[in-house]
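The structure under discussion appears below in the form of structure tokens.
The values are calculated or read from the model by the stated rules, or taken from the named source; none is laboratory data. Computed from a predicted model, the values in this text were never measured in an experiment. Positions of Cβ are backbone-derived with ideal geometry, glycine not excepted, and every protein chain shown enters the neighbour counts. Note: areas computed on protein heavy atoms with side chains; ligands, DNA, RNA excluded. Shrake-Rupley method; radii C 1.70, N 1.55, O 1.52, S 1.80 Å.
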Amino acid sequence: MDEERGRAAARGLRHAREIEGHLDWLDSFTGTALGVLSVASGIYTYLGVSTLLDDTGALSVFAAMAYSIAVSVGIFVFWSYMLRLLPAMHSAGSRIGLAASMALGSLAIVAMSSWLNAAALAGAAAVEQHLATTVQSYQGALERANTIAVSAQGLGRDVARVRSSFEDLGEQEASGGLSGFAGRGAVFRLLRQKSDELSALEAQIASQQPLLDAAFAEGNAILSRMRALTVEPGPVEARSVEFSEEAVRLAGVITTLRQLSVAPLVVRAASDLSASVVLPQLDGGDDAARSGQQATIDSVLTVLGQRAETLRRAAETVIAMPPPADTTYTPISAADAVILYARNFVPSWAGAIAIDLLPAVLVLIVAVAQAAMRSGREGVAVEERMTLAELRGALLALRDIEAAAPDGPLVREETGAEPPGDRPQPVEIARPAE
């Protein structure tokens, strides 16, 4: 049993020494690699900070460089601490404390560097995404405003139908089919009065159609120009300025389309149709004729009120349609655009975060390797861990100490007798178990 235990301890010790050799070799360039990662992150941070600064003078350049250098130094120092200290911790409490510190430091690095790195990697594309999204919003608003205006133009057919009904009633009255008295008397003049009002309203509605078509065509032309600006080559900042100008023009076109809706006009005309009636003087030759005219006029007024109510409800239905959403183009920086449209740039975000947090993987690797080393050395006496070079060095050091001692050699026999002469006595040194 003791022999098997000794062989297991020897294997563990050899494994620990092998890992230690690998770590010594890896440690020779780990600092350089960490410095390269820190500098690379600082460069991208500088590019990201530059997008946030409005001024392009020397002071802004110096400020961006100072920030990026601070980020590089902070990343290098932080991960150097973690690489050295976290793997060396033995107790669970100390490991948990340093792991929590590493998590907090990682969040700080993401907050001060990673999002700026993402802005440098995908900032221009994110701004173009913002332009494209704004174009879609404006297109929806333009189409909605045009739909409402076209629906309002459809009220012209309702007006024409009511006008036609009054004209037909007028023709019937002229032939004596309503009041029983042929001619163009009071009833005819009342019907003619309302049909003329409706004809004027119908003509006014028809006159809006060319304006409506022209405004919608202009809006589509502006939209085409805005779409072209989102994909044109060149700096996105210059395109954003022109895009903003086109957005202002398109907002004006949308407002014009909303104003061209004739639905409010039809509502007012329908109210006036029944409320403002100029009753003609009854011109019947006798009381019976005048009584017939009055009865017919009362019937016409009833029908007039019904037609006016129908027109009013149709116009109010158009007015009740949801208006186009208020769309306003707001220029944003590349860094803000990357955050706003983060879900569309996941690979860029992943790369920006990875370049800052990749050393965390190295910390975990070293921690696992150090734990394996401690496990291999566990239960092995100190003298058994010594290599041949360490034994030779210890022997030489011991002889130097004996030679420098004022009272002679320090090594004595177990009996307490002085060793003879100046000859050094043999020292029993345990041989490491194989």
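So what's the gap between the Cα centers of the range 355-373 and the range 74-106, to the nearest angstrom? Centre-to-centre (Cα) distance: 10 Å. The peptide list 333-339, 393-399, put in order of mean Cβ contacts within 10 Å with the highest first, becomes 333-339, 393-399. Placing a pseudo-label 7 Å from each Cα along the Cα-to-Cβ vector at ALA397 and ALA103 gives an inter-label distance of 4.2 nm.
In this calculation the C-beta distance from GLN136 to THR302 is compared with R0 = 51 Å, giving a FRET efficiency of 0.50. Estimated from the Cβ-Cβ distance and a Förster radius of 41 angstrom, the FRET efficiency linking VAL248 and LEU26 is about 0.10. Using R0 = 51 Å, the C-beta based FRET efficiency linking GLN193 and ILE332 works out to 0.30. Compared with the direct C-alpha span, the chain from ASN220 to LEU358 gains 44.8 nm at full extension, assuming 0.36 nm per residue. The Cα atoms of the range 185-244 give a gyration tensor whose axes a ≥ b ≥ c have a/c of 1.5 or more with a/b greater than b/c, which makes the shape prolate. Computed on protein heavy atoms with a 1.4 Å probe, the accessible areas place ARG307, ARG192, ARG312 in the order ARG192, ARG307, ARG312, largest first.
Given +1 at the Cβ of Lys and Arg, -1 at the Cβ of Asp and Glu and no other charges, the dipole of the range 54-171 around its Cα centre is 780 debye to the nearest 20. The distance between label points at ALA228 and VAL241 comes to 1.9 nm (points 7 Å beyond Cα on the Cα→Cβ vector).
Distance between the modelled labels on GLN209 and GLN259, one decimal in nanometres: 2.3 nm (7 Å Cα→Cβ projection).
Listed highest first by mean packing, meaning other Cβ atoms within 10 Å per residue, what order do 73-83, 238-248, 315-325 come in?
Working: 73-83: 19.2, 238-248: 16.7, 315-325: 14.6.
Top to bottom by mean Cβ count within 10 Å: 73-83, 238-248, 315-325.
Kindly rank 118-127, 24-33 from highest to lowest mean number of other beta carbons found within 10 Å of each residue.
Details: 118-127: 24.0, 24-33: 11.6.
Averaged packing, sorted descending, gives the order 118-127, 24-33.
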